[in-house]
Structure formats: structure tokens, C-alpha cells
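Here the structure comes first, spelled out in C-alpha cells, and everything after it is commentary.
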Amino acid sequence: MSAKPNIAINGAGPVGALLALMLAKRGYAIDLFESRPDSRQTNIYQGKSINLALSDRGWKALNAVGIDQEIRDNAIPMYRRVMHDLAGNLTTQPYGQEGQAIWSVSRSGINEQLITLAEQQDKVRVHFSHRLTQYNFDNNTALYLNDANQQINHQTDIMFGADGAFSKVRRLMQELPKQRISYSLQYMPTSYIELSIPAGENGEHQLDKNALHIWPRKDFMLIALSNPDGSFTCTLFMDLEGPLSFSSLQDKSQVSDFFHQYFADAMGLLENPVEQFMAKAAAPLCLVHIYPWVVNDAVALIGDAAHAMVPFYGQGMNCGFEDCRVLAELVDQYEDNWPEILAAYQLERKENGDAIIELAKRNFTEMSDKAGDANFLLRKKIEAE
Ligand code: FAD
């Protein structure tokens, strides 16, 4: 292997794009492959983009590569969470000390911004509409299928699987005969759909834009995060099956009763919630545990591919960004010795990934139940005083 090996990254989600940028800045030639077309040209996200909370862990990684201010220009600080009870009363809890915040960013927006920043590096080549189908681990050759159904071979030295919760790189790793790979993918009972609150008549936000809004209803909840255009992206989390669930609400009148009963104060704001609910398939949430993250000193997992988690702690992308930052620091420390870099990366990140997966799982109860519990709120207030 030459001093600066060629690196391929499968998956140009937020984590793959940031990784490409970080490694290119360290002089590596990067081929970044993405199965989807370029969303900046095709609008594939229109009407279905989620919002993410970007917090300290993520900012630290963006700061390390010098792009935090550019990302912040399109982000909105959320200094507090605002709980909406059944009667429409509001309770506020700050997210930290004066001035501290988590930040609302659109997933598609930050993803596109990171791809653009990566592309501006001479050493990054982005290949859209390239879907990984096979990988030869003996000679590190990936097989891609492009949108014209052509097969393309790409030989590399190092390959990162940054291809998300259902990672193809991970699945191919698992098929290796001599590897002992421990793996679990656990679907949660909770699923989600996206809804939206449009901007008011004059383009204004119809709720406090500097807050993360939560309608906690114990077994399910609605949340809303603001967008710069005056709208809010909302997510309804609820069990897929059960007495009150996505499956139990079958017709329009049931859905309408459900929204009026549980989210009365949001009803005047949400854009066609009943029609949206009926039209959308609830998306799954899952947890992924896998070990090892690295095989043959050459193929490694990063981001959701290594540690998909539920979104209730707002840390999935943040944790993936932290993977990138730690990896880049190890590249500096081990000076291009990739077997050492990857071994140290796995050692440092696996334990932390597992810890955050567990914290995220537990935080569903905190958000959907305790956040709206009067005794819990009182206890928090006393603790703070
Ligand atoms: P992904 O975003 O999944 O990107 C993977 C990329 O790989 C995709 O572009 C995909 O098209 C591509 N790909 C897949 N297969 C192939 C293939 N075979 N060949 C080539 N390319 C391929 N995180 C937070 O930090 N804060 C939050 O507030 C937050 N809220 C969330 C809310 C919801 C409802 C959900 C579902 C998630 C939330 N997350 C949040 C988690 C966050 O979205 C993920 O952790 C993050 O997107 C992971 O980034 P990634 O780049 O690792 O994977």
C-alpha cells in the first residue's frame, strides 16, 4: 500500500460526505459513491425531509474541519423544549445555561451542503446513482450498478461503509466465510410519519421557532422543529401495532378524532394532518449492533451503518459526525498507518456507539412521558434551583 492509499466511501449521507471532506483535507484521494441521484438536481427530497437536532458532539466535528459557521448559517437554535399538554397549556424547559442550544437543521439541507463542500476539494470525486451490489474483499474491488444498469468495478485500498442503517457493506461483510461477526438489528415497536406546519401568511413561524415542540402523550408523541422558511417539520411517533397505533387508525374519521383528541392545539396549524396520515406509510425505527466494525484492515463501518439508533436522543447523525472527527484525529496520530488507525478507531468508537444507542432507547420515555409529567417537571425544577 502506498503512503496515501486511495479511499472509497459508500454512501453520501451526512456522515459519508463529512468523512470525504475530512480525509480529502488530509490529502487522500476519495471516491464517494451514492445510490441515489444528486438531490440538488432532482428534488428527490421534496416534501419528505426530516429535521435533525445538531448538538455539541456534531458541532465539534464540523468545527474540526472548519465548516461550522457555514452550517450554522442555515440552522436555527433551539434554546428550550416546549411541551404542549392535552388542554394546549405550554411548559418550557431550557436545554442548558443561558445561550446554550441544540440546533434545528434539515437533513437534506445539511447533506447537500456537506456534499457541495466535499466536492469543492480537488481530491473528491462523487459518483451519484451508483449502487453497491458486491464487494470482493480479497482485492478490495467494489461492484456498482449505475442508473443505466451498467456494472462498474472500482478498485480501492480502503473502503468505508457509510451507507446507513441497512448498510450493504455491512451485509457483505457478514457473508464473509471466515469472519466471526456478531450482529443484531432490532426493530422498535415505534414507527413514524412526517407532517408539517406551514409558515403563516407573512412567512412567519406559527410557534416559537427557537424551541423544540413536543406533544407528549405517553405511548406516542408529536414533535416539531423549525425551518428557516417559517415552516415546521413535525414527526408523529407511535407504535405500528396495538390498541392505539398506526394500524388501529384505519379511516379518516378515526384519524380525525385522534388528532382532535390528542393534538387539539396543533390541529389549526398542521397541514392536512388527516390526509397526510392516511397517505403515508409509517417508517420503521431500528437499532443496530455489530462487531467488528473493521475487516481485513481495509473495510470499515461508520455512522448508522455501524450503530443505527432510535432518534429520541437526537444523536444518530451527531454520533456519526463524532466517528469522523475521532477517525481524522487517529489519521493524524498514526500518520497513514491504516491498520493501526482502523484498529484504534474501532476500539474507541464501538463502546461509545453502544452507550449512545442505549441512552437513545431510554430517552423515548423521557420525551413522550416524563417531559409532560407534572411531578417530573417539579422535580427537575427543584433540582435546578
Ligand atoms: P444515512 O443518512 O442513512 O445515509 C446513507 C447513505 O447511503 C444514503 O444516502 C443512501 O442512499 C446511501 N446508500 C445506501 N445503500 C447504498 C448502496 N448499496 N450503494 C450506495 N449508496 C448507498 N440524528 C441526530 O443527530 N439528531 C436528530 O435529531 C435526529 N433525528 C432523527 C429523526 C428521525 C425521524 C430519524 C429517522 C433519524 C434521526 N436522526 C437524528 C438520525 C440521523 O438521521 C442518522 O443518524 C443519519 O442520517 C445517519 O447518517 P449516515 O450518513 O450514517 O446514514
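The values are calculated or read from the model by the stated rules, or taken from the named source; none is laboratory data. Small disclaimer: the values here were computed from a predicted structure and weren't measured. Backbone-built Cβ (ideal geometry, glycine too); neighbour counts: all protein chains shown.
Restricting attention to segment 162-178 and to residues that are within 11 Å of the ligand (Cβ to nearest atom) and among the charged types (D, E, K, R), the residue that is nearest to Pro37 (Cα to Cα) turns out to be Asp163. Test Ile102 against the criterion of being touching a residue at least 60 places away in the same chain (Cβ under 8 Å) and surrounded by 16 or more Cβ atoms within 10 Å (Cβ to Cβ), and give yes or no. Yes. The sole residue among Ser226, Ser182 that is surrounded by fewer than 12 Cβ atoms within 10 Å (Cβ to Cβ), of a type in the set (Gly, Ala, Ser) and in contact with a Phe, Trp or Tyr (Cβ under 6 Å, 6 or more places away or on another chain) is Ser182.
Taking the condition of being in a helix (DSSP H, G or I) and free of Cβ contacts under 8 Å to residues at least 24 places away in the same chain, how many residues in segment 331-361 meet it? Total meeting the criteria: 10. Looking at this structure, is Met159 among the aliphatic types (A, V, I, L, M), part of a strand (DSSP E or B), more than 10 Å from the ligand (Cβ to nearest atom) and modelled with pLDDT of 95 or more? Answer is yes for this residue. Once segment 117-156 is narrowed to residues that are aliphatic (A, V, I, L, M) and within 20 Å of Leu19 (Cβ to Cβ), the residue that is surrounded by the most Cβ atoms within 10 Å (Cβ to Cβ) is Ala118.
For Val82, the conditions (1) surrounded by fewer than 21 Cβ atoms within 10 Å (Cβ to Cβ); (2) at pLDDT below 95 all hold with the exception of (2).
None of Ile152, Ile181 is hydrophobic (A, V, I, L, M, F, W, C) and closer than 12 Å to Phe33 by Cβ except Ile152.
Is it true that some residue in segment 197-210 is within 14 Å of the ligand (Cβ to nearest atom), part of a strand (DSSP E or B) and surrounded by 20 or more Cβ atoms within 10 Å (Cβ to Cβ)? Walk me through how you get there before you give the answer.
Going through segment 197-210, the residues within 14 Å of the ligand (Cβ to nearest atom) turn out to be none.
Scanning segment 197-210 turns up no residue that is within 14 Å of the ligand (Cβ to nearest atom), part of a strand (DSSP E or B) and surrounded by 20 or more Cβ atoms within 10 Å (Cβ to Cβ).
Pairing each residue of segment 253-272 that is more than 17 Å from Ile197 (Cα to Cα) with any residue that is of a type in the set (S, T, N, Q), provided the two are 6+ apart or on different chains, yields C-beta distances under 8 Å for Gln254/Ser248.
Could you please find all residues in segment 162-174 being in a helix (DSSP H, G or I) and within 15 Å of Gly320 (Cβ to Cβ)? Please lay out each step first, then the result.
So in segment 162-174, the residues in a helix (DSSP H, G or I) come out as 168-174.
Once the filter is applied, which keeps residues that are in a helix (DSSP H, G or I) and within 15 Å of Gly320 (Cβ to Cβ), segment 162-174 yields Val169, Arg170.
Picking from residues in segment 48-79 that are touching a Ser or Thr at 6+ places or on another chain (Cβ under 7 Å) and either modelled with pLDDT of 95 or more or of a type in the set (Phe, Trp, Tyr) (or both), the one that is surrounded by the fewest Cβ atoms within 10 Å (Cβ to Cβ) is Ile76.
Would you tally the residues in segment 50-85 being hydroxyl-bearing (Ser, Thr, Tyr) and either touching a Leu at 6+ places or on another chain (Cβ under 6 Å) or over 17 Å from Asp323 (Cα atoms) (or both)?
Let us first name the residues in segment 50-85 that are hydroxyl-bearing (Ser, Thr, Tyr), namely 55, 79.
Next, only the ones that are either touching a Leu at 6+ places or on another chain (Cβ under 6 Å) or over 17 Å from Asp323 (Cα atoms) (or both) stay: 79.
The number of residues fulfilling the criteria is 1.
Quick grid of which residues meet (1) at pLDDT 95 or above; (2) acidic (Asp, Glu); (3) part of a helix (DSSP H, G or I):
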{"site": "Ala20", "(1), (2), (3)": "yes, no, yes"}
{"site": "Arg26", "(1), (2), (3)": "yes, no, no"}
{"site": "Asp31", "(1), (2), (3)": "yes, yes, no"}
{"site": "Pro37", "(1), (2), (3)": "yes, no, no"}
{"site": "Arg40", "(1), (2), (3)": "no, no, yes"}
{"site": "Gln46", "(1), (2), (3)": "no, no, no"}
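Inclusion of Gln113 among residues that are of a type in the set (S, T, N, Q), in contact (Cβ under 8 Å) with a residue 60 or more places away in the chain and over 16 Å from Ala224 (Cα atoms) is not warranted. Of the helices (runs of 4 or more DSSP H) lying entirely inside segment 244-330, those carrying at least 2 residues that are closer than 18 Å to Trp215 by Cβ, more than 10 Å from the ligand (Cβ to nearest atom) and among the aromatic types (Phe, Trp, Tyr) are 252-262.
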